[in-house]
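To start, the structure under review is shown below, and the notes come after it.
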């Protein structure tokens with residue numbers, strides 16, 4: 001599980017050991033939202049949407065006496081712009097959980113970074129994002145189609161799963177899992193037939209009948225569906241005499257990540273070097289930070305949410321200890 005957090009696994013380890021995937025599962029089900037593990041190993045609510053979990057969580061917080069102020073924007077220090085005008089608070093302790101820099105229309109625009117010293121921040125970069133592909137015209141009929149049961153490889157990272165061909169490029173869980181390596185320069189290759197070895201592929205292709213079209217051979221003998229065949233034609237033409245290497249390691253040409261505001265999450269943010277072990281800002285005693293505003297990234301499907309909740313719980317416990325003089 002920790003390997004999903006890459007270079008940040010070490011600093012996140014104590015937080016994830018204190019509140020890990022099993023705890024998140026129990027927390028969600030304690031809110032009446034059952035979850036399951038999909039074929040890719042990712043965890044999803046049975047409802048297949050987040051809103052019921054969010055409503056249940058907000059209901060619990062309301063019952064605990066938490067005051068939630070909507071449409072307040074933090075402008076630095078303890079100052080907020082509110083619908084009623086500027087407000088200045090005097091909290092004993094503060095925990096920031098301001099999110100990343102994607103999905104600005106939902107408020108996650110990274111503007112909070114202007115309120116912190118530049119040297120404490122790593123530049124924002126998209127994470128869990130799609131990639132632009134300048135498709136040829138013959139791919140249009142496949143837009144919106146899932147590409148199932150493939151292995152995606154980018155540098156040292158690989159993921160078995162699926163992704164979607166869209167008018168803008170490629171997106172979906174399989175792509176998101178390798179998107180960080182792709183963003184950092186690793187080439188993407190696809191294994192379109194992960195259950196076959198090259199020798200088996202060659203043997204099946206060799207059984208092709210004299211008048212049988214290549215499309216029929218790929219469909220009948222290798223169970224290669226139309227969208228996989230289209231990807232083969234898109235990225236491997238002119239087709240080599242030996243198709244096996246292309247089917248096992250198809251290079252995908254792309255034009256780089258989609259814009260950051262289309263990304264599910266972001267890398268970059270508040271550097272861990274600017275925080276102590278309890279996630280308190282070293283230059284602001286009594287101020288803690290957690291969640292996606294910190295400089296780490298992880299795949300979707302439970303890892304990202306678990307990292308946010310674990311770091312939030314960690315920061316909250318240390319903030320409680322600090323304000324009570326136990327830190």
Exercise for the section: Mind listing whichever residues of region 11-24 are surrounded by fewer than 15 Cβ atoms within 10 Å (Cβ to Cβ) and either within 19 Å of the chain's Cα centre (by Cα) or not in a helix (DSSP H, G or I) (or both)? Expected result: 13
Problem - Looking only at region 25-71, and only at residues there that are touching a residue at least 12 places away in the same chain (Cβ under 8 Å) and under 26 Å from residue 84 (Cα atoms), the one that is farthest from the chain's Cα centre (by Cα) - result: 69
Practice task
Answer yes or no as to whether residue 269 is part of a loop (DSSP other than H, G, I, E, B), under 30 Å from residue 113 (Cβ atoms) and touching a residue at least 60 places away in the same chain (Cβ under 8 Å).
Solution key: no
Problem - Filter result for residue 100 (surrounded by 12 or more Cβ atoms within 10 Å (Cβ to Cβ) and assigned to a loop (DSSP other than H, G, I, E, B)) - result: yes
Handout entry: Filtered residues of region 25-52 (kept if surrounded by 13 or more Cβ atoms within 10 Å (Cβ to Cβ), out of contact with any strand residue (DSSP E or B) (no Cβ under 9 Å at 6 or more places or on another chain) and assigned to a helix (DSSP H, G or I))
Key = 27
Practice task
Could you tell me whether region 195-207 includes any residue that is surrounded by 18 or more Cβ atoms within 10 Å (Cβ to Cβ), touching a strand residue (DSSP E or B) at 6+ places or on another chain (Cβ under 9 Å) and within 29 Å of residue 298 (Cβ to Cβ)?
Solution key: no
Handout entry: region 142-161: number of residues that are without any contact (Cβ under 8 Å) to a residue 60 or more places away in the chain and in contact with a helix residue (DSSP H, G or I) (Cβ under 8 Å, 6 or more places away or on another chain)
Key = 6
Exercise for the section: Give the number of residues within region 171-189 that are in contact with a strand residue (DSSP E or B) (Cβ under 8 Å, 6 or more places away or on another chain), farther than 27 Å from residue 244 by Cβ and not in a helix (DSSP H, G or I). Expected result: 1
Exercise for the section: Could you tell me whether region 109-131 includes any residue that is part of a loop (DSSP other than H, G, I, E, B), exposed (fewer than 13 other Cβ atoms within 10 Å of the Cβ) and in contact (Cβ under 8 Å) with a residue 40 or more places away in the chain? Expected result: yes
Completion exercise
Note on residue 159: of the conditions (1) at pLDDT below 95; (2) surrounded by 13 or more Cβ atoms within 10 Å (Cβ to Cβ); (3) in a loop (DSSP other than H, G, I, E, B), unmet is (3)
Fill in the blank from the handout: With criteria (1) modelled with pLDDT of 95 or more; (2) outside any loop (DSSP other than H, G, I, E, B), residue 66 comes up short on (2)
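The values are calculated or read from the model by the stated rules, or taken from the named source; none is laboratory data. Remember, predicted model here, so these are calculated numbers, not experimental data. Note: ideal-geometry Cβ built from the backbone for every residue, glycine included; neighbour counts use all protein chains shown.
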